[in-house]
1. Any idea which of Gly114, Gly12, Gly55, Gly93 is under 30 Å from His172 (Cα atoms) and either in contact with a Cys (Cβ under 9 Å, 6 or more places away or on another chain) or surrounded by fewer than 20 Cβ atoms within 10 Å (Cβ to Cβ) (or both)?
2. Return the only residue of Ser139, Ser81, Ser148 being buried (at least 17 other Cβ atoms within 10 Å of the Cβ) and either in contact with a Lys or Arg (Cβ under 8 Å, 6 or more places away or on another chain) or of a type in the set (Val, Ile, Thr) (or both).
3. Any residue at all in region 25-39 that is part of a loop (DSSP other than H, G, I, E, B), in contact with a Phe, Trp or Tyr (Cβ under 6 Å, 6 or more places away or on another chain) and buried (at least 18 other Cβ atoms within 10 Å of the Cβ)?
4. Out of (1) of a type in the set (Asp, Glu); (2) modelled with pLDDT of 95 or more; (3) under 24 Å from Gly55 (Cα atoms), what's the single condition that is false for Glu124?
5. Which numbered condition trips up Gly106, out of (1) under 14 Å from the mean Cα position of the chain (by Cα); (2) assigned to a loop (DSSP other than H, G, I, E, B); (3) not charged (D, E, K, R)?
6. With the checklist (1) in contact with a helix residue (DSSP H, G or I) (Cβ under 9 Å, 6 or more places away or on another chain); (2) modelled with pLDDT under 95 in hand, flag the one item Pro200 doesn't pass.
7. Restricting to region 10-59, name every residue that is modelled with pLDDT under 95 and among the aromatic types (Phe, Trp, Tyr).
8. Does region 44-63 contain at least one residue that is of a type outside the set (Gly, Ala, Ser), under 17 Å from Leu159 (Cα atoms), touching a Leu at 6+ places or on another chain (Cβ under 7 Å) and touching a residue at least 60 places away in the same chain (Cβ under 8 Å)?
Amino acid sequence: MSLARLARYLRGGVAPGAARAHPGCRDPRPPERSVPVTLPGLLYFATRSPVWGGGRAFYDPGVAEEETPARAHLLTLGQFSDIAAQEMGRAPGRDLALGDGLLRPGGSARLGPGRYETLVCAGELAGLPVLTFTAPWDSGDVPWLAPSAGYLRQLGDGLVEGRGWSPARAAHYLATRPGARGHWDPAAVRALLDTPAEWPAGRGRPWS
């Protein structure tokens, strides 16, 4: 995730191509630091997003032969809780109770039946748990669905900025993920990444 995209979760606002605004977090400060990480598991697209109009990105940690390039942001408990609430369709404002079983690599906690209501610990970094949220199902349990252009561009921007990848490498990776594969080709995704996103000024303006 790019810092510009993360700013929408923390400070509120609408991302380019999205149909809905994020309310933001109680603590809108940027992360203390952000570093590239590689998570064991598969990135795939499924279920229709009312915000982006296509398949959502989910993480399946159970596909051991795959790896997912990502970016770890050092956040407070309150910030992580409020971002998770926004993805779960809940109002931010309440800290999550993170039990010991979740905070170990491979740990998980199901907070509800819906998408993004399952927390998983994908590993550790500098002695801290690497937490994310995903669906309670496995990648093979649901029909895959192609993501929208705006959604792919947000993900691609994050790979280019956070991983230092070329647009061509990011485009090839995204176009070969389940759900996107067969619907998007690398050249089409590359064309999206070559078009700068227009971030409106205001409350959710990206950090400089």
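1. Numbers: Gly12 fails: under 30 Å from His172 (Cα atoms); Gly55 fails: either in contact with a Cys (Cβ under 9 Å, 6 or more places away or on another chain) or surrounded by fewer than 20 Cβ atoms within 10 Å (Cβ to Cβ) (or both); Gly93 fails: under 30 Å from His172 (Cα atoms).
None of the other options fit; the residue is Gly114.
2. Numbers: Ser139 fails: either in contact with a Lys or Arg (Cβ under 8 Å, 6 or more places away or on another chain) or of a type in the set (Val, Ile, Thr) (or both); Ser148 fails: either in contact with a Lys or Arg (Cβ under 8 Å, 6 or more places away or on another chain) or of a type in the set (Val, Ile, Thr) (or both).
Testing whether each residue is buried (at least 17 other Cβ atoms within 10 Å of the Cβ) and either in contact with a Lys or Arg (Cβ under 8 Å, 6 or more places away or on another chain) or of a type in the set (Val, Ile, Thr) (or both) leaves just Ser81.
3. Start the filter on region 25-39 by keeping residues that are part of a loop (DSSP other than H, G, I, E, B), which leaves 25-33.
Then keep just the ones that are in contact with a Phe, Trp or Tyr (Cβ under 6 Å, 6 or more places away or on another chain); that gives 30.
The next check asks that each one be buried (at least 18 other Cβ atoms within 10 Å of the Cβ); those that pass are none.
No, because not a single residue in region 25-39 is part of a loop (DSSP other than H, G, I, E, B), in contact with a Phe, Trp or Tyr (Cβ under 6 Å, 6 or more places away or on another chain) and buried (at least 18 other Cβ atoms within 10 Å of the Cβ).
4. Result: Glu124 passes all but (3).
5. The one condition Gly106 does not meet is (1).
6. Status for Pro200: all satisfied but (1).
7. Selection gives Trp52 alone.
8. Among the residues of region 44-63, at least one is of a type outside the set (Gly, Ala, Ser), under 17 Å from Leu159 (Cα atoms), touching a Leu at 6+ places or on another chain (Cβ under 7 Å) and touching a residue at least 60 places away in the same chain (Cβ under 8 Å), which makes the answer yes.
The values are calculated or read from the model by the stated rules, or taken from the named source; none is laboratory data. These numbers come from a predicted model, not from an experiment. Virtual Cβ from ideal backbone geometry, glycine too; neighbours counted across all protein chains shown.
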